[in-house]
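Worksheet: one structure, shown below.
The values are calculated or read from the model by the stated rules, or taken from the named source; none is laboratory data. Note that this is a predicted model, so its numbers are computed, not measured. Ideal geometry is used to build each Cβ from the backbone, glycine not excepted, and the neighbour counts take in all protein chains shown.
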Amino acid sequence: MDLHKLALERSLAYHAIIAAHLIDDPAILETARERVKGWLTEDPLRPFARKWQDILNRDANSIAAFLIDRSELAEELRQSSPFAGALDPRERWRVWRETRERLAGKS
């Protein structure tokens with residue numbers, strides 16, 4: 001199994017769930033915005049934090065669309081996500097398990 005592809009697909013699946021919850025649970029977005037503010041307070045020049053700040057200044061629908069985008073920028077930023085911890089551990093492990101099983105079935 002290609003472990004890099006597995007990591008990318010897990011991250012995408014994780015963020016797809018978050019994207020689905022953004023409209024219904026504005027606290028998720030507020031927590032992410034606060035996390036990015038903290039990153040920028042620690043180091044105002046962090047490039048990934050500045051990019052996240054720009055994205056998180058958009059409306060919830062635009063943010064949700066970005067979270068599931070397969071662009072190089074979206075893949076890059078999902079690696080340093082302000083949405084870490086947004087899903088409870090059981091849901092996160094379910095996503096990880098289902099993604100691994102889905103990719104294993106394609107091999």
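Table for the structure above
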quantity: Odd one out for MET1 among (1) modelled with pLDDT of 95 or more; (2) surrounded by fewer than 16 Cβ atoms within 10 Å (Cβ to Cβ); (3) not polar (S, T, N, Q); calculated: (1)
quantity: Hits in region 49-75 (condition: part of a loop (DSSP other than H, G, I, E, B) and either hydroxyl-bearing (Ser, Thr, Tyr) or closer than 17 Å to PRO26 by Cβ (or both)); calculated: ASN57, ARG58, ASP59, SER71
quantity: Selection count where residues are surrounded by 12 or more Cβ atoms within 10 Å (Cβ to Cβ) and of a type outside the set (Ser, Thr, Tyr), scope region 92-101; calculated: 6
quantity: Of all residues making up region 55-91, the number that are crowded, with 17+ Cβ neighbours inside 10 Å, in contact (Cβ under 8 Å) with a residue 24 or more places away in the chain and either in contact with a Cys (Cβ under 9 Å, 6 or more places away or on another chain) or closer than 15 Å to ALA13 by Cβ (or both); calculated: 7
quantity: Qualifying residue in region 76-90 (condition: assigned to a helix (DSSP H, G or I), under 13 Å from the mean Cα position of the chain (by Cα) and of a type outside the set (Lys, Arg)); calculated: yes
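Every residue, every condition in (1) more than 30 Å from ARG100 (Cβ to Cβ); (2) of a type in the set (A, V, I, L, M); (3) touching a Phe, Trp or Tyr at 6+ places or on another chain (Cβ under 8 Å), yes or no:
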{"position": "GLU9", "(1), (2), (3)": "no, no, no"}
{"position": "ILE17", "(1), (2), (3)": "no, yes, no"}
{"position": "LEU22", "(1), (2), (3)": "no, yes, no"}
{"position": "LEU29", "(1), (2), (3)": "no, yes, no"}
{"position": "ARG35", "(1), (2), (3)": "no, no, no"}
{"position": "PRO47", "(1), (2), (3)": "yes, no, no"}
{"position": "GLN53", "(1), (2), (3)": "yes, no, no"}
{"position": "ASP59", "(1), (2), (3)": "yes, no, no"}
